[in-house]
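Take a look at the structure set out below.
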Amino acid sequence: MRNSIKYFGIALMMAAGFQAQAQEVEGKTIWDRDLPNFRENDQRGINDFEAKKDTDTEFDGLQVRLGGASTIQFQSLDHESDAAELQNLEANFNLATANLDLDVLLYDGVRMHLRTYLSSQHHTEAYVKGGYIQIDKLDFISEGFAQGLMDNLRIKIGHMENNYGDAHFRRTDNAHSLHNPFVGNYLMDSFTTEVGAEVYYFSGPWLGMVGFTNGKLNQSTAGDGETDPSFLAKLGYDKQFNEDFRFRLTGSLLHSGHNYGRGNYLYTGDRAGTRYYNVMTDVDGNGPGFRAGRINPSFKNEMTSVMINPFIKYGGLEFFGVIETISGQDKGDTDTRTYNHYAGELIYRFGANEDFYLGGRYSTVDGELDNSTDISVNRFQLGAGWFLTKNILAKLEYVNQEYNDYPAGNLNNGGQFNGITLEAAISF
């Protein structure tokens, strides 16, 4: 944490130096914070998904946006298991987490994004989560080049958060938690960062995306030749019918090929760690570690995932759902195993600027632990939040999670955890 604070301080001093030396162009500096084709990190970005396509833009020179996030929780959870004696959990603070973001408008319609985790549960040292180039215009080739096509098209290339499903837009990304109305992420947390490319097409309320990745979380040219690319696609409809009513529905597909080295990463790709620290860990330290509380289908052979996400907002009331099915095989298996994930959350936002909210989320997963054992896990969350400003959010969450039908001897046999977590979050 000491090193993280040092790096954050250096970054802020660099930012101050850049800002002091920024040259003005028609009343603007390179440090102007509002960027086109960009999802805001603060309260304004709530219920945004893909960054809005903005074709009416001008370029007045390089623009640099320095952003970041800092989050800390006070956790008071209890847990139990029929298979082992679990370690004692005390009510106390978790390690504070921090992010540093750089978003740079390099040219008209060309933006770079880079996110660094300054401190996280799994890695207390600073490391890069990933980054990408987003291209919404091709004017760098020649002014107006393919404008009719690029008015609807977007290209993203990089080592980046892959756009499978809509749930990853509402999850906590290490320290960035303002867009998550709860403290914990989804029971099955579909999130990975792999090298690849995505091509988007926007037409009125319709959107489509196709992409591919190299199937690797940790990039290396060394390998055994048994890692295949992954392919993903999304089709959606998103329309604001009037001031009060918005409807969005998307369907997503991701297919991963053979990855015998360490398995497919869609549900194990988050290197930052869970929000439920140390749960379901025995007195000897055995347990899920930084993935505590999550359900991770561990397929090392082919895997296909499909997710459908409805989103409805009427006034201050909003509903978001997850309908997901995952099928795959482990190395050497001839039988396919399947997991199903269902989640629904209902949020009511109120106040002059919807600065307050109350909500609940229910999640359930059922699946084949092996070829002879079916298990299920249920989670219930109640949450409340208060935006003190558009950049500062205080949250309160109650969670109860139950593990069902795990075999004797498995740490999750008769498992349960529940309790209260308070979270203070800053994003800018």
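The values are calculated or read from the model by the stated rules, or taken from the named source; none is laboratory data. What you are looking at is a predicted structure, and each value in this text was computed from that prediction instead of being measured. Cβ placement follows ideal geometry from the backbone for every residue including glycine, while neighbour counts extend to all protein chains displayed. Please note that ligands, DNA and RNA were not included when accessible areas were found on the heavy atoms of the full protein model with its side chains. Shrake-Rupley method; radii C 1.70, N 1.55, O 1.52, S 1.80 Å.
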### Task
Please give the length that would be gained between Arg44 and Thr221 if that part of the chain were fully extended, namely 0.36 nm times their separation in residues minus their C-alpha to C-alpha distance (nm, one decimal).
59.7 nm
### Query
Taking the mean number of other Cβ atoms within 10 Å as a proxy for protection, how do you rank 34-44, 248-258 from highest to lowest?
248-258, 34-44
### Query
Does anyone have the angle between helix 2-21 and the longest principal axis of the chain? Alpha-carbon axes, 0 to 90°, nearest 10?
10
### Query
Along segment 411-418, what does the Karplus equation 6.51 cos²θ - 1.76 cosθ + 1.60 (θ = phi - 60°) give for ³J(HN,Hα), rounded to whole Hz, x for Gly and Pro?
4, 8, 4, x, x, 6, 9, 7
### Query
What list of ³J(HN,Hα) couplings, whole Hz, do you get for segment 46-52 from phi and the Karplus terms 6.51, -1.76, 1.60, once you set θ to phi - 60° and write x for glycine and proline?
4, 6, 8, 10, 4, 4, 4
### Solvent exposure of segment 249-308 as accessible area per residue, Å², 1.4 Å probe
34
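Could you look at the chain and say what percent of its accessible area is carbon and sulfur, using a 1.4 Å probe and all protein chains? Don't skip to the answer; put the middle values down first.
Details: 10410 of 18750 Å².
Result for the chain: 56 percent of the exposed heavy-atom area is carbon or sulfur.
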### Task
Starting from the Cα of Lys313, draw a straight line to each of the lysines and keep only those under 22 Å, dropping any in the same chain fewer than 8 residues away.
Lys52, Lys53, Lys234, Lys239, Lys390, Lys395
### segment 158-316 shape via C-alpha gyration tensor axes, a/c threshold 1.5
oblate
### Query
For segment 121-131, what does the Karplus curve 6.51 cos²θ - 1.76 cosθ + 1.60, with θ = phi - 60°, yield as ³J(HN,Hα) per residue in whole Hz, taken in order and with x for Gly and Pro?
4, 7, 10, 7, 8, 6, 7, 7, 6, x, x
### Task
Report the accessible area of Ser230, computed with a 1.4 Å probe over the heavy atoms of all protein chains in place, in Å² rounded to the nearest 10.
10
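With every protein chain left in place, what is the accessible area per residue of segment 332-428 in square angstrom, probe 1.4 Å?
Working: 4340 Å² over 97 residues.
Result: 45 Å² per residue.
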### Task
Compute the distribution of all C-alpha to C-alpha distances in the chain, in bins of 20 Å from 0, and list the percent of pairs in each, rounded to whole numbers.
24, 59, 16, 1
